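The values are calculated or read from the model by the stated rules, or taken from the named source; none is laboratory data. Please read these numbers as outputs of a predicted model, since none were measured by experiment. Every residue, glycine among them, receives a Cβ derived from its backbone with ideal geometry; neighbour counts consider all protein chains shown.
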């Protein structure tokens with residue numbers, strides 16, 4: 001844990017130091033981010049690496065594409081500051097639905113790095129469809145990736161954190177669709193899968209708190225990603241229509257999730273567990 005003088009220790013005569021900034025440093029820590037080949041997962045992985053963490057990016061693709069490799073190269077050229085070792089990105093191909101494979105992935109990371117401090121279970125899929133016609137096999141796939149995958153990932157990381165006695169942070173990517181129904185979007189399967197993720201985070205938080213492990217969820221609102229861009233192209237006017245559903249009147253950017261992920265991963269949030277933090281332009285405040 002980073003030093004944190006605070007007001008009490010300042011009044012007791014502590015030497016001046018910028019401890020508030022140091023709270024967000026992840027120097028010497030190791031993270032796993034799933035669904036990190038692109039999109040929100042890669043954005044979060046980059047943020048953690050910029051804060052000096054070693055970040056393992058896991059996704060279903062066998063090899064990373066050129067865009068991911070460009071981000072890895074960018075991280076490799078970041079200047080080191082204040083004596084911190086530079087962060088780095090590594091890539092692992094695996095299926096978050098495979099429990100034994102995910103257990104092995106975390107065991108391998110710990111064997112290589114000696115620790116695991118942060119787990120961001122972010123892998124997910126999205127699809128819409130009328131509830132009365134939605135194919136059961138598609139519903140099951142949504143649950144398998146979004147809900148079961150998050151559980152297996154958190155479980156695999158949590159097992160290693162407990163074994164090592166690490167006061168770790170587990171972060172699950174949920175969605176405001178797990179808390180509200182989005183007007184005009186027929187997404188019962190997706191909404192169900194993400195509602196389960198928010199409850200999973202609360203339940204795991206209570207169970208793992210005595211072991212020193214924090215578990216929280218992030219619920220993004222409408223964020224511009226490659227997947228949403230495809231929807232915009234397929235349905236002209238959709239972006240403008242959905243933008244009116246939040247007080248800020250716009251979609252969020254992926255980089256606007258960096259701060260909350262860094263907060264939950266770092267010592268800045270050591271008394272925060274079991275929380276679902278919405279990043280939605282105020283949509284759930286209506």
request  = Give me a count of the residues in the stretch 11-26 that are in a loop (DSSP other than H, G, I, E, B), within 15 Å of residue 81 (Cα to Cα) and free of Cβ contacts under 8 Å to residues at least 60 places away in the same chain.
outcome  = 1
request  = For the stretch 150-192, name all the residues that are assigned to a helix (DSSP H, G or I) and at pLDDT below 95.
outcome  = none
note = Within the stretch 48-72, the count of residues that are without any contact (Cβ under 8 Å) to a residue 40 or more places away in the chain and farther than 19 Å from residue 35 by Cα comes to 1
query = Quick one: would you say residue 227 is touching a helix residue (DSSP H, G or I) at 6+ places or on another chain (Cβ under 9 Å), assigned to a helix (DSSP H, G or I) and modelled with pLDDT of 95 or more?
reply = no
query = Looking at residue 85, is it touching a residue at least 12 places away in the same chain (Cβ under 8 Å), exposed (fewer than 14 other Cβ atoms within 10 Å of the Cβ) and not in a strand (DSSP E or B)?
reply = yes
Filtered residue count, the stretch 118-148, keeping only those that are surrounded by fewer than 18 Cβ atoms within 10 Å (Cβ to Cβ), part of a loop (DSSP other than H, G, I, E, B) and either touching a helix residue (DSSP H, G or I) at 6+ places or on another chain (Cβ under 6 Å) or in contact (Cβ under 8 Å) with a residue 40 or more places away in the chain (or both) = 6
note = The correct count of residues that are assigned to a helix (DSSP H, G or I) and more than 20 Å from residue 23 (Cα to Cα) in the stretch 37-54 is 5
Count of residues meeting criterion [in a helix (DSSP H, G or I), out of contact with any strand residue (DSSP E or B) (no Cβ under 8 Å at 6 or more places or on another chain) and surrounded by 13 or more Cβ atoms within 10 Å (Cβ to Cβ)] in the stretch 98-107 = 6
